Amino acid sequence: MDSSPVVAHAAARTRVQLLREGRQRLLQAVRQAAPPVAKELEALAEPVPDATYEDQDQLLQAEQERTEALLAAITSRQAAKAPAVRRVRKQVERVLKDERVASYADPEARWGHQRREKPFFGYKMHLATDETGFVLAATVTAGNASDLEGAPALVEQARVQGLRPRRLVADRRMTPRG
């Protein structure tokens, strides 16, 4: 058993960038559903001026408050029921809840490490092979998952195929102390 990084085909963003992009995406979805409502909400979709705040934490807090204000304004209007608005709203709410989303293009991708000094943004592909290298089972997890997290799914896939592994071989990262 082993795992390898799979780099996501998306640019990772900071939370400030995600909140700003999320408000623009929300406004675009509202614009398609109800153009007059979008016109009323344009100011709430604008970025908070960076120079107004002394540090990144204050700026992040201001961006979160502006995003929450836009969400509240949308909720009080009919446009909130449009499917596209609901879909984008859920994505933005995940960013607000700090669910470690780093991209709207690929919201399930996460920062992981192949080695301590080699970070990547994406997923981990876990494989179980026989002694000749023939792939018996495969699964994918978020990039921040430990190598050990993919092991149970690999063993279960092998069992479903009628295979009964007599022994498992893995590298150190597959052990709980890894």
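The values are calculated or read from the model by the stated rules, or taken from the named source; none is laboratory data. From a predicted model like this one, the values you see are computed outputs, not experimental measurements. Neighbour counts run over all protein chains shown; Cβ positions are idealised from the backbone, glycine included. We work out accessible area using only protein heavy atoms, side chains counted, and drop any ligands, DNA or RNA first. Shrake-Rupley method; radii C 1.70, N 1.55, O 1.52, S 1.80 Å.
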Hey, could you check region 1-34 for residues that are β-branched (Val, Ile, Thr) and more than 18 Å from Gln56 (Cβ to Cβ) and say which is modelled with the highest pLDDT?
Val30
Could you run through region 80-90 and say how many residues are surrounded by 15 or more Cβ atoms within 10 Å (Cβ to Cβ) and within 12 Å of Gln32 (Cα to Cα)?
4
Subset of region 90-131 [at positive phi and modelled with pLDDT under 90]:
Asp98, Arg100
Does at least one position in region 141-157 carry a residue that is more than 27 Å from the chain's Cα centre (by Cα), open to solvent by less than 70 Å² (accessible area, probe 1.4 Å) and over 28 Å from Arg15 (Cβ atoms)?
no
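Looking at region 68-79, is at least one residue exposed (fewer than 13 other Cβ atoms within 10 Å of the Cβ) and among the charged types (D, E, K, R)? Can you show your working first?
So in region 68-79, the residues exposed (fewer than 13 other Cβ atoms within 10 Å of the Cβ) come out as 72, 75-76, 78.
Next cut, among the charged types (D, E, K, R) only: none.
No: zero hits.
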Which of the numbered conditions does Thr132 fail, given that it passes all the others? Conditions: (1) open to solvent by 90 Å² or more (accessible area, probe 1.4 Å); (2) of a type in the set (S, T, N, Q); (3) assigned to a strand (DSSP E or B).
(3)
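Among Arg31, Arg23, which is open to solvent by 50 Å² or more (accessible area, probe 1.4 Å) and either assigned to a helix (DSSP H, G or I) or among the basic types (Lys, Arg) (or both)?
Arg31
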Region 65-106, residues that are closer than 21 Å to Ala12 by Cβ, in a loop (DSSP other than H, G, I, E, B) and free of Cβ contacts under 8 Å to residues at least 12 places away in the same chain:
Lys97, Glu99
Which pairs have Cβ atoms under 7 Å, sit 6 or more apart or on different chains, and link a residue in region 39-58 that is over 14 Å from Arg15 (Cβ atoms) to one that is open to solvent by 60 Å² or more (accessible area, probe 1.4 Å) and part of a helix (DSSP H, G or I)?
Leu44/Arg66; Ala45/Gln24
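Filtering region 107-124 down to residues that are within 29 Å of Gly22 (Cβ to Cβ) and in contact (Cβ under 8 Å) with a residue 60 or more places away in the chain, which residue is nearest to the chain's Cα centre (by Cα)?
Start the filter on region 107-124 by keeping residues that are within 29 Å of Gly22 (Cβ to Cβ), which leaves 107-113, 119-124.
Narrowing the set further to residues that are in contact (Cβ under 8 Å) with a residue 60 or more places away in the chain leaves 109, 111-112, 120-124.
Working: Ala109: 5, Trp111: 9, Gly112: 12, Phe120: 13, Phe121: 10, Gly122: 9, Tyr123: 10, Lys124: 14 Å.
By that ranking, first place goes to Ala109.
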How many residues of region 1-19 are in contact with a Gly (Cβ under 7 Å, 6 or more places away or on another chain) and open to solvent by 40 Å² or more (accessible area, probe 1.4 Å)? The answer is 3
